[in-house]
Every structure is written in structure tokens, then in C-alpha cells.
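Peer 1: Following this message is one structure expressed as C-alpha cells.
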């Protein structure tokens, strides 16, 4: 089994913001019990507590959080500011109200009553401060037909297998797949079906706006025991252990690529050597990577492996062949 990916700073920050007020209100809790209740290992909890010594609202000793667990019991002090209940600002409240109103209109939503109750409480608490939300119209419109979304949700409820004709843009190919549906999720304004794909014999995500045809089969669609839901907290991309590793050299002006796409590693290049970055990415299909590099217009190129270098060069040459005036310059 491949090692778990390293925890992101965002995920750790979210845990710390939850952990500190939780511990402040449980002074003296057993270290092992605290780790179990928080869903982390004892080692991770101790690492988090050591990090707290560097956190606070200032840099002076009396402005930093104090943590003590040497006796096997955890005490956290000087954390009154972070231990206070979180309160929504006006912008946050308006954002939540707009989001809940959009969610309420999603076709096939089973939890509409819960959304309505949460929305009513939020609007009542915000009062007149929520007035800007009335001037904002939020819609979930990613190209997915409402009927298709509703049929997928019903198939999940009825545990029925789906037959999809699914477009794979990277290969410009429509594939036929039988899928045991597991859940529907919305990420970054897109609807995805997650399910056990019998063609791949693994869990897969399918963008619903790329489903060209869908048939609900009269076949039991219960996923097999080995089918597990992905952790989508960091987005939909999950590299496979056997994916191709490609090294890219990004010149200044193209380093946004390492922020926009998942990468294995980033190495900063000194200004004396031209600046920029050297990054490594994993991919099962280089079609998108070739298009990206052509779009960068020379500000990024592949250094290895050699076959991908040749693919990018040959594709660029073929494109330029259609513009003889450019080649003659």
C-alpha cells in the first residue's frame, strides 16, 4: 500500500482551530483519551501541542499559547482569545445564506428540510445585516441536466447499477461503463458521481456534465466491500502509484502552475540561474500536460522523461506547420 500523502497546512490549521477550544474546556484530560476523542494518534497530538508554543496573538512570551502534557494530562493556557465561540461576520453570513439558497434549489436534494431550517435560523440571527443576500442570485449550473442528477440520486437510494456513456476529453473518446453508484458530491461548482467502475475495477469519479447517456439497470448496484469513498477535502485529483512522473521547468511568469495543479515536489530556482521552479507532477494521461505547455508559450517545458519531451516538441511542430508565415520569421 502506498504511503499516505502528507497532511496539508490547511488541514492541520483547521484541526488546531478546533482542538484548542476543545482542550481549554477539558483541562487535565488524559493525553491518550484526548487523542482518541480528537481522532488523531498520540504522537500527532503531541506534535500539535508542541506547535502551539509558537502560536498566539503576538510574539512575546505572555502572548503565546501555553501547553503542558508532561504528566500524561493536557493543560492549555493563555488561549482565551481562540477559546471564545466563533462568530460570523457580515460577509460570512451573507455568503452562507446565498449558498444555502442555491443548495435548496438543487434537484433531488433529500435534505431540503434541514437546509430550510438552517437557512431560517441564519436569516433570523443575521437580521437586517443579511439584506445584501437578497441582491445576489446563486445558481448551480455546470451543464448537468436536472433530470440526470435526480435519476442518479434515485439509483443510489434504490441501489441500482448505472450504465454510462462517458466522455473522456483528454482522449476525445466516449467510453461505456457499468457503475455501482456510491454518492453524488458537488465540488468547485461541478457535480460528480462517485462509484465502483466495473471497467476499471476501482472507485472512480465521473463529472455528470460529461455523461452523454445514462441508463438505470435492473441489477443490484451495491458496491463491493473494497469500494471506499475518496477523501475529497483537497479536491478531486488523486494520483495513482503507477502514474507517470514528469519533471517540468517553469520560468518566471509560469510558476502559477505549481499552485493551480497538484504536484509531487517544487524546487525554487535561484535568480542567478534564471529563476522560476522545477516541479514534478504525476499523470496517467499526458494530453492535458501537452496542452498546458503549449499554452505557456515557452515559459515552461518538460525536462524528463524523454518520450514526453518528444511528444511536446512534435505536437508544437505540427501546430506550427499550419502557420508557414510564422516558421519563416
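Each value in this text was obtained by applying a stated rule to the coordinates, not by laboratory testing. Note that the structure is a prediction, hence the values are computed from the model and not measured.
Peer 1: Mind jotting down the distance between the C-alpha centroids of region 255-304 and region 189-227, whole Å?
Peer 2: About 32 Å separates the Cα centre of region 189-227 from the one of region 255-304.
Peer 1: Also: Give me the Å³ per residue figure for the convex hull around the C-alpha atoms of region 146-220.
Peer 2: 88
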